[in-house]
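The values are calculated or read from the model by the stated rules, or taken from the named source; none is laboratory data. These figures come from a predicted structure and were not determined experimentally. Note: ideal-geometry Cβ built from the backbone for every residue, glycine included; neighbour counts use all protein chains shown. Surface areas here come from the heavy atoms of the whole protein model, side chains and all, with no ligands, DNA or RNA. Shrake-Rupley method; radii C 1.70, N 1.55, O 1.52, S 1.80 Å.
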Amino acid sequence: MGVLEKVQEPADLAELSDQQLTDLAREIRDFLVTKVRSGHLGPNLGIVELTLAVHRVFNSPRDRIVFDVGHQAYVHKIITGRQAGFDLLREKGGVSGYPNRAESPHDVMENSHASAALSYADGLAKAYQLRGEKRHVVAIVGDGALTGGMAWEALNNIAAAKDRPLIIVVNDNGRSYEPTAGGLAQHLNALRTNPRYEQVLDLVKRSLNRTPLVGAPVYDVLHGIKRGLKDVLAPQGLFEDLGLKYLGPIDGHDRVAIEQALEQAKGFGGPVIVHCLTRKGYGYALAEQDEQDCLHQIRSDPTGTWTNVFREELLALGRERPDIVAITAAMQYSTGLDAFAQEFPDRFFDVGIAEQHAVTSAAGLAMGGMHPVVAIYSTFLNRAFDQVLLDVALHGCAATFVLDRAGITGDDGPSHNGMWDLSILQVVPGLRIGAPRDGARLRELLREAVAIDGPTVVRFPKGKTGPDIPAVSKAGDCDVLVRQGERDVLLVAIGAMGATCVDVAQRLTEQGIGVTVVDPRWVKPIQPVLLELAAEHRLVVSVEDSGRVGGCGAALGLALADAEISTPLQVMGIQQRFLEHDKRPALLAEMGLGAQDLARAIVERVARLDSTQLDPTTPVDAEHDPQVAPDSAQPGSSVADHGMGAP
């Protein structure tokens, strides 16, 4: 029996000898290499000894351990009794790729968006102090997460309470997704390579004036430098002047050294930074030698993916237009900006994990005569809504936001599903949203977007594009994909749901129901031709892989009502709830958005319309009764007369 098999909870670590702990670290790495077929491998290979040390020094779950970002919590899961769940990692029935409170009392927070853990930790520490509970709070923070402004807002508050125990373990591997960018990265790199007085002093002189991180203490440090004082002789002095004790740098793969530092930090009784230097992918040569991202995430073949189509088209646009610039928030490769960055390095900007800054910086670039393309995961744009609304749209800036992983992403779990953007962005005046159904339309819409003198969004899902779907005709700027039989049903296909809607149309035709499938391409604002088509049909059905509340279907419903078009509308989309991790097709089927479920729901709706027309005395049924919630009738759908869409 190996050592790993004996470890079912953190308390088991206390019974192991040094040699057994060394063997355990090796077995955990072997376990990760074997089990992680999708998900985040490199970060977890690099945090094995650090995680073991934290769990040996602190008493989880009484002491609370939070991770930033949560994808580095695999080792934590392994030693808290979840080894069996890795057979189905990120699949239904298996462990999720991030901390999950439903899995274990050892998990505190589930949000996998970076730079948030210090704020959680600050709140937890305050709560335990107010309640008189002697509990420690440990935040394990990747250096990439410290490039986000929210982390520094939290540090400002944490530093103000010198008697509140909170240990901040900086897992410094020089990378977030890719090499960490920005001034903080340079700061940590200085400490990483040679943390001596002259370097730290020079760093303070160069950076703190332009980075007011924690208010008055920064001024005091600066003032001391101007007076020529020599009392800031090491990183310890710098952090203590900021209100934070500092321990390190420490070899993040020396478990004994980490434990000693953590024990020391534990005894301070106030906020402490423990700076650990680790290597992403440590112990697995293939990961350590991977220059792109140290096997941050298990990669699949990019051929034929939405991201790769965007990568190629943006590069072509960059060659044609010298005013196009590209911005990423620490995800150059993941969002397909790598080719552009390589060919146009002076027109590419990696701002670190700082989405808010990325958006407002894009506004400034637009005001300065450039056309910025901000490539970002849909779920991460949520963090920068205020900047999109008031910094970009209010000023009519010509900036394009390319939202990768829009709609259901599936195995990344609830915090990564891009199901919110269409609802959130509907309220932004002057913003145009394009939703391509296939690779050819992605190329078209991207070109149209960067030609518009105003803010635009182009959104697409994760995975392969599938075959291109040609239009049989045009209706205004909309593509008509199917026109069969009588004008019974107008099926409005939003973006990547186009292929599904074509399948649905075939099924409806086989049932003798006439159908028109139309792809608006630009889904915001609602195009007048859609209203004209709606008036010509007996039933309108909108289908989107985004939230129904406030989405495209709801916007269409309001437009129909304003135009006094009485054609009933059925809105098919994602229910407003957090979806557990599973594959995209399975989740779409669960939401009633598979072709078979959609066809069945539409056939039933048409049958009810036929019944009502045959017998005008038919009483109002549940789907028309305002007292009955739309969600109770059909998963993923709502039905409304006189154009009123989703609730």
### Query
Are there any pairs, at least 6 apart or on different chains, whose C-beta atoms fall under 8 Å, with the first in region 507-528 and part of a strand (DSSP E or B) and the second among the hydroxyl-bearing types (Ser, Thr, Tyr), and if so, which?
VAL515/THR509
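Select from region 577-594 the residues that are of a type in the set (A, V, I, L, M, F, W, C) and buried (at least 19 other Cβ atoms within 10 Å of the Cβ) and write down the one among them that is nearest to MET497 (Cα to Cα). Can you show your working first?
Step one: list which residues in region 577-594 are of a type in the set (A, V, I, L, M, F, W, C), which gives 578-579, 586-589, 591, 593.
The next check asks that each one be buried (at least 19 other Cβ atoms within 10 Å of the Cβ); those that pass are 587-588, 591, 593.
Values: LEU587: 14, LEU588: 10, MET591: 13, LEU593: 9 Å.
Looking at residues that are of a type in the set (A, V, I, L, M, F, W, C) and buried (at least 19 other Cβ atoms within 10 Å of the Cβ), I get LEU593.
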### Query
Quick one: how many residues across region 118-169 are part of a loop (DSSP other than H, G, I, E, B) and over 27 Å from the mean Cα position of the chain (by Cα)?
11
### Task
Identify all residues within region 248-259 that are modelled with pLDDT under 90 and either open to solvent by less than 30 Å² (accessible area, probe 1.4 Å) or in contact with a Gly (Cβ under 9 Å, 6 or more places away or on another chain) (or both); write none if there are none.
GLY248
### Task
Starting from region 113-127, keep only residues that are over 11 Å from ALA151 (Cβ atoms) and among the aliphatic types (A, V, I, L, M), then list their pairs with residues that are part of a loop (DSSP other than H, G, I, E, B) and open to solvent by 20 Å² or more (accessible area, probe 1.4 Å) whose Cβ atoms are within a distance under 8 Å, requiring at least 6 positions of separation or different chains.
LEU124/VAL108; ALA125/ARG164; ALA125/PRO165
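Going by the structure shown, is THR80 on the phi < 0 side of the Ramachandran plot, surrounded by fewer than 16 Cβ atoms within 10 Å (Cβ to Cβ) and either in contact with a Leu (Cβ under 6 Å, 6 or more places away or on another chain) or β-branched (Val, Ile, Thr) (or both)?
Values: on the phi < 0 side of the Ramachandran plot: yes; surrounded by fewer than 16 Cβ atoms within 10 Å (Cβ to Cβ): no; either in contact with a Leu (Cβ under 6 Å, 6 or more places away or on another chain) or β-branched (Val, Ile, Thr) (or both): yes.
The answer is no for THR80.
Quick one: count up the residues across region 560-576 that are of a type in the set (Gly, Ala, Ser) and crowded, with 20+ Cβ neighbours inside 10 Å.
Keep residues of region 560-576 that are of a type in the set (Gly, Ala, Ser), which gives 561, 563, 566, 573.
From what is left, the residues that are crowded, with 20+ Cβ neighbours inside 10 Å are 573.
Adding up the residues that qualify gives 1.
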### Message
Any residue at all in region 152-162 that's within 28 Å of ALA586 (Cβ to Cβ) and open to solvent by less than 20 Å² (accessible area, probe 1.4 Å)?
### Response
no
### Message
Restricting to region 381-398, count the residues that are surrounded by fewer than 23 Cβ atoms within 10 Å (Cβ to Cβ), closer than 14 Å to SER423 by Cα and among the aliphatic types (A, V, I, L, M).
### Response
1
### Message
If a residue must be touching a residue at least 24 places away in the same chain (Cβ under 8 Å), part of a loop (DSSP other than H, G, I, E, B) and within 22 Å of the chain's Cα centre (by Cα), how many such residues does region 553-600 contain?
### Response
9
### Summary
ALA125 meets each of (1) at pLDDT below 90; (2) among the aliphatic types (A, V, I, L, M); (3) buried (at least 22 other Cβ atoms within 10 Å of the Cβ); (4) more than 27 Å from HIS40 (Cα to Cα) with one exception, condition (1)
### Query
Taking ILE424 and the conditions (1) assigned to a helix (DSSP H, G or I); (2) out of contact with any helix residue (DSSP H, G or I) (no Cβ under 9 Å at 6 or more places or on another chain); (3) not charged (D, E, K, R), which numbered condition does it fall short on, given that it satisfies the others?
(2)
### Task
Working only within region 312-324, note down all residues that are open to solvent by 40 Å² or more (accessible area, probe 1.4 Å) and either under 22 Å from LYS464 (Cα atoms) or among the aromatic types (Phe, Trp, Tyr) (or both).
GLU312
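Looking only at region 496-522, which residues are within 23 Å of VAL428 (Cβ to Cβ) and in contact with a Gly (Cβ under 7 Å, 6 or more places away or on another chain)? Before you say what the answer is, go through the steps one by one.
To start, the set of residues in region 496-522 that are within 23 Å of VAL428 (Cβ to Cβ) comprises 496-497, 519-522.
The answer is ALA496, ASP519, ARG521, TRP522.
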### Message
Within region 380-427, take every residue that is more than 14 Å from ARG459 (Cα to Cα) and of a type in the set (S, T, N, Q) and give me the one that is modelled with the lowest pLDDT.
### Response
SER415
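Pick out, from region 1-77, the helices (runs of 4 or more DSSP H) lying fully within it that include 2 or more residues that are modelled with pLDDT under 95 and surrounded by fewer than 24 Cβ atoms within 10 Å (Cβ to Cβ). Walk me through it before giving the result.
Values: elements: 3-6, 18-35, 42-45, 48-57.
In region 1-77, 3-6, 18-35 are the helices (runs of 4 or more DSSP H) which contain 2 or more residues that are modelled with pLDDT under 95 and surrounded by fewer than 24 Cβ atoms within 10 Å (Cβ to Cβ).
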